[in-house]
Ligand SMILES: NC(=O)c1ccc[n+]([C@@H]2O[C@H](COP(=O)([O-])OP(=O)(O)OC[C@H]3O[C@@H](n4cnc5c(N)ncnc54)[C@H](OP(=O)(O)O)[C@@H]3O)[C@@H](O)[C@H]2O)c1
């Protein structure tokens, strides 16, 4: 049998601000075979996530940073190409933390920690398993249902509305009977969430005044704000919240490449005045309940009540440039890196 070569992208140094090419190192090595209980997975597609920027920093977070010289961490979908684990057979489609590389050798001791799980391609395509049925979908689902606690008739605002998490949140909130207002960058994204996804309105934050848009489209105030971006947009929404509003702190992408301190909410006194709650969430805390959420979301995909848009960039070597798309807003839908057919 000819030995396969594994091309990889490793973290070479920690970025200051936006990552640059010099922060990455391209490597290759022969593919080894799995140990007893281990599995070898060929990467088909990788999830490119804003959180990757945080994993490149030193310091404590909800997950340890990627070490210098290590293969960059990435969730992905792939195909089992060798297995010494009875739960996985050659040919199985799987999700796992695969890393930015063509082959992921998952030793027996790492199977659980890698999140290795079979995926059912009848429920959704490979890329949908990185979007609505994957980590962003789980984030939207549990962030909305458990932290946002939606009630029919309420008004929800979601930023990053056309992105991976945002599209699930907005569509799910519509299904649950809420009025939904998105915030996104550019007319095309705003048109898509309103005309294709059925949001009630969308504010193009790059074109105009978010406060004026909120006033116009949320005449009864805001009951739930699902925050993906932080910064000035968070402040603008805090100024419009209702009594007992819930603010879901999912992410703050506007702050991830800061070289100065993160900008916190200036309008936080609005929480006091309105007896409101602001709560952070991390998707991994809900791992035990993913099957329930996947079943519900797969049902909506099947009956057409939910759409799933992915933005696919080709080739492992495109990773450094592709990642930057998240921070300029060049991605339209869940950003996926296709690595192999
Ligand atoms: N807490 C958790 O467990 C968890 C899990 C997954 C994701 N997240 C967070 O959820 C958020 C969305 O992630 P995603 O995977 O769905 O990404 P995404 O929305 O698909 O892509 C990122 C989007 O952020 C927007 N953006 C970039 N810079 C911005 C800025 N300065 N101000 C406003 N918007 C900006 C861009 O859209 P526009 O064109 O609209 O600007 C871009 O397309 C991120 O903050 C991420 O860290 C949290």
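What the table shows:
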| item | result |
| --- | --- |
| Extension gain, residue 187 back to residue 109 (0.36 nm per residue minus Cα-Cα distance, nm) | 23.3 nm |
| Packing-based ranking, highest mean first, of 329-335, 98-104 given that Cβ atoms within 10 Å are counted | 98-104, 329-335 |
| Whole-number Å³ per residue for the convex hull built on Cα positions in the chain | 131 |
| Length-normalised contact order for the chain - Cα pairs under 8 Å, 6+ apart - percent | 17 |
| Angle between the chain longest axis and helix 319-328 axis [Cα atoms, degrees, rounded to 10] | 0 |
| Efficiency of FRET between residue 32 and residue 61 - r from beta-carbon atoms, R0 30 angstrom, step 0.05 | 0.50 |
| Spatial separation of Cα centroids for the stretch 31-106 and the stretch 128-196, in angstrom | 28 |
| Three-way shape call for the stretch 296-341 based on the alpha-carbon gyration tensor, with the a/c threshold at 1.5 | oblate |
| Net lengthening on full extension, residue 81/residue 257 (0.36 nm per residue, minus Cα-Cα) | 59.6 nm |
| For the stretch 135-284: relative contact order, % (alpha-carbon pairs under 8 angstrom, 6 or more apart) | 23 |
| The chain: angle of helix 290-302 to the longest principal axis, Cα-based, in degrees nearest 10 | 70 |
| Rounded to 5, the percent of DSSP beta bridges in the chain classed as antiparallel | 55 |
| Tilt relative to the chain, helix 164-175 - C-alpha long axis, 0 to 90 degrees, to 10 | 50 |
| Per-peptide average of other Cβ atoms within 10 Å, ordering 295-308, 178-191 highest first | 178-191, 295-308 |
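No lab work stands behind these numbers, since they all come straight from the coordinates. All values derive from a computational prediction rather than experimental measurement. Note that each Cβ is placed from the backbone with ideal geometry, even for glycine, and that neighbours are counted across all protein chains shown.
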